[in-house]
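Structure record follows, encoded as structure tokens.
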Amino acid sequence: MRGLGQRGWALVGWLALACQAAAVSAQTPQRSVLPEIEYGYPDQSIFVATVNAKGQPDSPMTRVAEALLTRANLPWRATPYPAPRLFKNLQDGSTAFSILVRAPQLEQCCLFSKTPIYGTELNVYYQGDKPPIRSRNDLPGKRVITIRGYSYGGLLKFIEDPANRIDNEAAPTHKAGFEMLAAGRGDYLIDYASAAREILAEAPLRHLNHQTLDRLDIYLVLSRQYPDAENLMARLEAIARTLKIEFILFEHRR
């Protein structure tokens, strides 16, 4: 190393630092750049949905997805789909994430959270002293109001079966359903409690009663095709346990 001047020693020092930095970099796991994750949600919501800037229905559950994916530090976008298209997208992996019921059609293609992150009831609402509806077997011969676009887990087929003699009036929205009930367009309204609570908070109905027909549990759903899907699901489940879901869905707007 004889004959090295000041510049030569400076160059040697710079090379040593560069080699050290390269060694540290090689030993440090690099943060992978994950593909943008699409959160797909049904355009027919069990909540009272608003309309976003694109004129699309925007379910309150989108805010839960935002909290989850933002805290997971994932790039993401939200897109509404009709339910059959959403299921197809989850099956082929073009939509990576959703928050849905545990549908058998998705068992092979997707991971579900071990426990539901939210639950609601399918109720029958009625006014006054009308006979209570405790099961679908109490519906034949009755005048009911349903919300257009829902299958109610197969209950709609039972309601529309002519053999059951059920007079069904379809409402275009959750709000319209309660307005029709108040106006006497039907004796019983079938709707989800998650939507009814918002409507009734703004416009209560006198002498309103309800019976629960079924319960709907909602899970995180992640395509198995998304990179490292099992570890990501575990992360999302851990984050979900820290969230105040009810506040995100309802209370923060009050």
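The values are calculated or read from the model by the stated rules, or taken from the named source; none is laboratory data. Remember, predicted model here, so these are calculated numbers, not experimental data. Neighbour counts run over all protein chains shown; Cβ positions are idealised from the backbone, glycine included.
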- Message: Just to be sure I understand, how many residues within segment 151-171 are touching a strand residue (DSSP E or B) at 6+ places or on another chain (Cβ under 8 Å) and either touching a residue at least 12 places away in the same chain (Cβ under 8 Å) or part of a strand (DSSP E or B) (or both)?
- Response: 10
- Item | Test: residue in segment 143-150 that is of a type outside the set (S, T, Y), under 14 Å from H210 (Cβ atoms) and touching a residue at least 40 places away in the same chain (Cβ under 8 Å) | yes
- When residues of segment 195-240 are filtered for being touching a Lys or Arg at 6+ places or on another chain (Cβ under 6 Å), at pLDDT 95 or above and within 30 Å of M180 (Cα to Cα), how many remain? 1
- Task: Please give the number of the condition Q211 fails out of (1) in a strand (DSSP E or B); (2) more than 21 Å from D43 (Cβ to Cβ); (3) out of contact with any Pro (no Cβ under 8 Å at 6 or more places or on another chain).
- Result: (3)
- Task: Look at segment 152-166 and say how many of its residues are at positive phi and surrounded by fewer than 17 Cβ atoms within 10 Å (Cβ to Cβ).
- Result: 3
- Query: Can you tell me which residues in segment 118-137 are within 29 Å of L249 (Cα to Cα) and crowded, with 16+ Cβ neighbours inside 10 Å?
  - Reply: Y118, T120, E121, L122, N123, V124, Y125, Y126, Q127, I133
- Message: Take residues that are out of contact with any Lys or Arg (no Cβ under 9 Å at 6 or more places or on another chain) and tell me which of the strands (runs of 3 or more DSSP E) falling wholly in segment 71-126 contain 2 or more.
- Response: 76-81, 97-100
- Sole exception among (1) in contact with a Leu (Cβ under 7 Å, 6 or more places away or on another chain); (2) surrounded by fewer than 15 Cβ atoms within 10 Å (Cβ to Cβ); (3) of a type in the set (V, I, T) for T115, by number: (1)
